[in-house]
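Scroll down for the structure; my scribbles are underneath it.
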Amino acid sequence: MKTDLNVLGGELRSCCTQPLTGFYRDGQCRTGPEDTGTHVVCAIMTEEFLSFTRSKGNDLSTPIPYYNFPGLKPGDRWCLCVSRWRQAYLEGLAPPVVLEATHKKALETVPFQWLLEYKHTHEEESL
């Protein structure tokens with residue numbers, strides 16, 4: 001079995017299991033041919049980003065019980081489409097990124113420096 005790599009070149013870590021994220025709903029921001037949205041950026045939701053993505057037609061805040069989707073709130077981790085993260089970055093609204101849990105495929109769409117600018121640090125968890 002091949003190991004997926006993160007943007008740092010190490011083994012891809014889990015992004016989140018509560019709520020369960022990832023295109024394959026396995027907690028990891030892995031991707032494959034059927035993932036047309038390329039859900040590879042492990043991001044920590046902010047109110048600003050959730051409002052931004054809702055304004056673009058992708059409401060991540062509202063629960064959808066039919067799909068067992070709880071709706072996201074600030075502080076939740078989620079595997080985002082790299083194109084949406086890039087769009088938010090260009091508008092100054094990108095959420096923090098967990099580099100160890102962000103798939104290396106993200107580097108095909110955004111420069112590493114951009115991800116590094118929004119790197120989540122563990123000190124932020126205590127805020």
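Values in this text are rule-based calculations from the coordinates and carry no lab data. In this text the structure is predicted, and so the values were computed from the model without any measurement. Using ideal geometry, Cβ is built from the backbone for each residue, glycine included, and neighbour counts are taken over all protein chains shown.
Count the lysine pairs in the chain that are 8 or more places apart or on different chains: how many have C-alpha atoms under 20 angstrom apart?
6
Based on Cβ point charges of +1 for Lys and Arg and -1 for Asp and Glu, what charge dipole magnitude is obtained for region 1-87 about its Cα centre, in debye rounded to the nearest 20?
80 debye
Which shape class, rounded, prolate or oblate, goes with the chain when its Cα gyration tensor gives a ≥ b ≥ c as root eigenvalues, a/c under 1.5 marks rounded, and past that a/b bigger than b/c marks prolate?
Because its axes are fairly even, with a/c under 1.5, the chain counts as rounded.
Which residue, Leu90, Leu50, Leu60, tops the fluctuation ranking in a GNM of the chain built on C-alpha contacts under 10 Å?
Most flexible of the set in this elastic network: Leu90.
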